[in-house]
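Undergrad: This is the structure I have questions about; it appears just below.
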Amino acid sequence: MSSMKLFAFGFSLGCCALLCAGQAAPALIDTSPSRVETPLRVPFEWIGTLRPRAASEIKASNWTLGCEGLDRDFDKFEKFRDYIEPLGIKTIRLQAGWAKTEKVKGQLDFAWLDEIIDFAVAHGINVLLELGYGNPGAYGPAGGGRLLGAAFPSSDEAWAAWDHWVDAITTRYKGKVRDYAMWNEPDIALTYEPNGRRILKKEECKTPAEIAAQNVRTARIIRRNVPDARIGGLSLANNSAELLEACLKAMGDDVQLFDWIIYHGYLWNPDASYDEVEKQKAVLARYNPRARLRQGENGCPSGWVATSALAGYPWSEYSQAKWDMRRMLGDLGHDVESSVFTMMGGGENKSLTRRAHDKTVIDLKLAYYAVQNVASVFDDTQVRWQGPLSISTNDQTLAIYEYRRNGKKNGDSLYVFWDHGDLRTFNKKSNKMCPSDSFTTRPVAFTISRPLEDPVWVDLFTGRVYAFPKKYVISMQWKDVMLYKMVPVYDSPCILTSRRNVDFVNVK
C-alpha cells in the first residue's frame, strides 16, 4: 500500500477549517473528501466526508495525544509540532526530563521544556506533564535511570535533588501547567539499558509500597506549589485491579492527593480490557471516590515489531487505525479519559506519523486521519447516554454506545458501534482477536426507539458519510420504534445518526 498515493499534497475544501482558525494546514495533511481510500464498499450514496476540526475549534474532549520521548531526544518537537493542532486533540502528554534539565549537578536549564509548553499554551492546548525517570548523568547510579523500567533514585542526595527539581518545575509552570502525572510504568518487570532490554529479577522490581512512597512524595510538592493541580497517580503499565489496590492501600490517607489514577494496559483486542477496567473503578471508589480512572498510554504498531507492547504480530496501517479508534471509543464508552500513543517516531512504530532520519515528518499514517475523525465528532458536546439504550440488536458481538447532544434527554442520538468479536473466546496467547485488515461488512438490523431524522451512516475510518436508504427503515407496531435493516457493520467503528448531527463537507 503506497501511503504517498493515499495522502495527496496541497489544499482542498476542508482547508477552510484551518484557515478560519488563522493558520494554513501543514503540507502533508490532505483535507480532501477522499483523503483516505480503503477497500470498503457499501451500497449507499456517499454524500460527504467529516470536516476535520483543529484543536482551537474544540472546547474540550476526552483525548490526550502522546508527545513522549522528547526528554530523551527520541524526537524533536519542532519537527512535528505543526501536526498537533490539526489533529483536534486538546491535551498533550509530555515527559518532563529531570536528566535533560539538570545535566550538571545543581544547575537547572528549562529552555527545552519552556519552548514546548509555551507553544502549547499559545495554541490553546493543555499539557499533562509527567514527572518521571532519574538522573544518572548528574548523580550516578544513585540518581536512578532515565529509560523505561529504570530504578528510582537511591541516595539521600539524589532524592533531595529530585525534590528540588519537582519544586522548581511546578513553581516555574504554575499558571501554564495544571495537570501532572507520576513516574512512567514503575511496575514494569523489564528495563531498557544502553546495551539492550533486560528482564528484571523479582527483587529488582519496585514494590507497591515503593511506588506509593515515590508518588506521595512527588504529589505533596505539586500540591504545595499548585493547590488547584490535577494530579494523576501511579501511571501503571498494567491494568490489574489487584496491583492497583496494593498501591492505593500503601498510600494510606495520601491517596486523596490524586485526582486521577492512571493505567496503561495494552491488549491485542482493546475491547477485552474493560472487565478489568470496571474492577479497577470499583477498587478506586473504595479508596478515593473523588478520583477518576484515566488511561494514560495506549497505541498500536503499524507493522511487525520485535519488542514492546503488542510485538510479534503482523500489524498494518489498517489494523493500527482500527485498534486506535476502538481504544479511544471504548474508553469514552466506559467514562475513562483516553490517551493516543503516540504522535512521533519514538513510540516503537506506534506513532501516527512517519519520520526521516533527521526526525522530520515525511508522511501521515492512516491512523492520523482515523484519530482526527474521532476527535472531530466526539468532543464534550457528545455525552454518553447512561440510561437504557434506545438501540438494540440480537447480535452479541457488537460494541454499541449511545451519545446525545449536550447530554440532553431530547438531544439527537448518535450511535457508534463495531464488531469486537465474541469476547468470551478472547485469549491473549491463543486467540488474540486483533482488528483485521478486512473491510468486508455484514448487515445487522437495529431496533431504535428514537427515530433518526434523515439518517446517515458514517465510516469513521475514512470519515465518509453516506445517506441511509429509506427503504431499509421500517416502522414497527410500537409508537416511534423503527427497524433499521441492512446496517453495515465490521471491526471498525461506524456511526448511525441524524444528518444534522454530524458536520461534513459535501462531495457534490
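Undergrad: Tell me the net charge near Gly143. Cut-off is 11 Å between Cβ atoms, Gly143 excluded, with +1 for each Lys or Arg and -1 for each Asp or Glu.
TA: The answer is 0.
Undergrad: Could you size up the charge dipole of the range 201-245 around its Cα centre, putting +1 on the beta carbon of Lys and Arg and -1 on that of Asp and Glu, and report it in debye to the nearest 20?
TA: Using Cβ point charges on Lys, Arg, Asp and Glu, the range 201-245 gives about 260 debye.
Undergrad: Could you tell me how many cubic angstrom of Cα convex hull volume the range 79-220 has per residue?
TA: Spread over its residues, the Cα hull of the range 79-220 gives 131 Å³ apiece.
Undergrad: Of the options Pro86, Gly232, Ala138, report the single residue whose Cα projects farthest towards the positive end of the charge dipole of the chain (beta-carbon charges: Lys, Arg +1; Asp, Glu -1).
TA: Towards the positive end, the residue furthest out is Pro86.
Undergrad: Compute the label zone of Asp380 within the range 39-75: residues whose backbone N is under 14 Å from the point 7 Å along Cα-to-Cβ.
TA: So the set is 56-64.
Undergrad: Using the eigenvalues of the Cα gyration tensor, what equivalent ellipsoid semi-axes result for the range 201-283 when each is taken as the square root of five times the eigenvalue, whole Å, largest first?
TA: 23, 16, 11
Undergrad: Would you mind getting the Kirkwood hydrodynamic radius of the range 242-376 from its Cα pairs, rounded to one decimal in Å?
TA: Hydrodynamic radius (Kirkwood, Cα pairs) of the range 242-376 is 16.0 Å.
Undergrad: Give the residues of the range 99-132 whose amide nitrogen is closer than 20 Å to a point set 7 Å from the Cα of Ser154 in the direction of its Cβ.
TA: 99, 132
Undergrad: Just name one of Ile262, Gln95, Ser338: the one whose Cα is farthest towards the positive end of the charge dipole of the chain (beta-carbon charges, Lys/Arg +1, Asp/Glu -1).
TA: My answer, from the dipole projection, is Ser338.
Undergrad: Also: Placing +1 on the Cβ of each Lys and Arg and -1 on the Cβ of each Asp and Glu in the chain, which of Leu200, Gly312, His420 has its Cα farthest towards the positive end of the resulting dipole?
TA: His420
Undergrad: In deg cm²/dmol and to the nearest 500, what is the mean residue ellipticity at 222 nm of the chain if only DSSP H runs of at least 4 residues count, each as -39500 (n - 2.57), divided by the residue total?
TA: -7000 deg cm²/dmol
Undergrad: Starting from the Cα of Ala445, step 7 Å along the direction of its Cβ; do the same at Thr207; then give the gap between the two resulting points in nm.
TA: The modelled label-to-label distance comes out at 6.1 nm.
Undergrad: What does the charge count around His334 come to, taking other residues whose C-beta lies under 13 Å from its C-beta (Lys +1, Arg +1, Asp -1, Glu -1)?
TA: Neighbour charge sum, excluding His334 itself: 0.
Undergrad: Any idea of the accessible area per residue across the range 268-325, 1.4 Å probe, to the nearest Å²?
TA: 34
Undergrad: Mind pulling the angle between the C-alpha long axis of helix 274-287 and the longest principal axis of the chain? Nearest 10 degrees, somewhere in 0 to 90.
TA: Taking the Cα atoms of the chain, the angle to 274-287 is about 50 degrees.
Undergrad: While we're looking at this one, here's another question. Of the trypsin sites (Lys or Arg not before Pro) in the range 101-171, which ones lie in a loop per DSSP and count no more than 14 other C-beta atoms within 10 Å?
TA: When the trypsin sites (Lys or Arg not before Pro) of the range 101-171 are filtered for loop state and at most 14 Cβ neighbours within 10 Å, Lys103, Lys105 remain.
Undergrad: Less than 30 Å apart at the alpha-carbon level, and either on another chain or at least 8 residues along: which lysines does that give for Lys409?
TA: Hits, sequence-local ones excluded: Lys59, Lys90, Lys279, Lys281, Lys470, Lys471, Lys479, Lys485.
Undergrad: Could you compute Rg(Cα) / (2.2 N^0.38 Å) for the chain, with N its residue count?
TA: That works out to 0.98 for the chain.
Undergrad: By the scheme Lys and Arg +1, Asp and Glu -1, what is the net charge of all other residues having a beta-carbon under 11 Å from that of Glu45?
TA: Around Glu45, the charge tally is +2.
Undergrad: Percent of alpha carbon pairs in the range 407-499 separated by more than 19 Å?
TA: In whole percent, the share of Cα-Cα pairs in the range 407-499 beyond 19 Å is 48.
Undergrad: Could you tell me the calculated FRET efficiency between Asp395 and Ala111, based on Cβ-Cβ distance and R0 = 56 angstrom, to the nearest 0.05?
TA: Approximately 0.50, to the nearest 0.05.
The values are calculated or read from the model by the stated rules, or taken from the named source; none is laboratory data. None of the values given here were measured: they were computed from a predicted structure. A quick note on method: Cβ atoms are made from the backbone with ideal geometry, for glycine too, and the neighbour counts reach across all protein chains shown. Accessible surface areas use protein heavy atoms only, side chains included; no ligands, DNA or RNA. Shrake-Rupley method; radii C 1.70, N 1.55, O 1.52, S 1.80 Å.
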